[in-house]
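Report on the following structure.
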Amino acid sequence: MIKLTLSATAAIAMLSLAACNAPEPEVVDSNAPDPLAEQLKNAPKVELPPAIKATKTFRCQPGNALLFVEFFDGDKLVKVRTEQDGPVTDLKAAEAGQPFTAEGGWSLTGTPTAATVEVPGKGKLTCKG
C-alpha cells in the first residue's frame, strides 16, 4: 500500500516537472520587417494618467460634513466624493496652484491637509484632513 502511494506521488511529481520543459516558440523569419513599425514611429506620444499623491477624508464645517478627496501628481486634478462610495466628481485646474473647478459650481482650493471646497447644495465648506 505504501509503495503504491509513493509510486503515485512520484508519477505526479514527474508529470508536473515535465511541463517545465516546454519548447521555445519558433521564430519563422527574423529578417521580416515589423508591419506596424511605421505606425508606431508616427504615433503621437502617450501621456500616462497622473499618479495619486494623497487620499484624504476631510471633516468640513459648517455641518461637520465629510468629503473624500484624491489629490493627483501635477496638481491639476482632484477627485471628490460627498459619500464614501458615492459618485466621483473630477475637479481640474488649468495650471498647478490654481483652484480646481468642475461644472455645476464645484470648486476646491488648498492642499491634502486643509482646503476650502464649494459644493453645490452645501455651499462653501472649510475642511481639514
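Annotation: of all residues in the stretch 106-129 being closer than 22 Å to P87 by Cβ and either touching a helix residue (DSSP H, G or I) at 6+ places or on another chain (Cβ under 9 Å) or not in a strand (DSSP E or B) (or both), the one that is least open to solvent (accessible area, probe 1.4 Å) is P112.
So V46 passes all but one of these: (1) β-branched (V, I, T); (2) assigned to a strand (DSSP E or B); (3) at pLDDT below 95. Which condition number does it fail? Single failed check for V46: (2).
Condition check ((1) without any contact (Cβ under 8 Å) to a residue 12 or more places away in the chain; (2) surrounded by 12 or more Cβ atoms within 10 Å (Cβ to Cβ); (3) in contact with a helix residue (DSSP H, G or I) (Cβ under 9 Å, 6 or more places away or on another chain)) across all residues:
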position: P35; (1), (2), (3): yes, no, no
position: E38; (1), (2), (3): yes, no, no
position: F72; (1), (2), (3): no, yes, no
position: D90; (1), (2), (3): no, yes, no
position: P99; (1), (2), (3): yes, yes, no
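The values are calculated or read from the model by the stated rules, or taken from the named source; none is laboratory data. Since we're looking at a predicted model, the values are computed, not measured. Heads up, the Cβs are rebuilt from the backbone with ideal geometry, glycines too, and the neighbour counts pull from every protein chain shown. Calculation scope for accessible area: heavy atoms of the full protein, side chains included, ligands and nucleic acids excluded. Shrake-Rupley method; radii C 1.70, N 1.55, O 1.52, S 1.80 Å.
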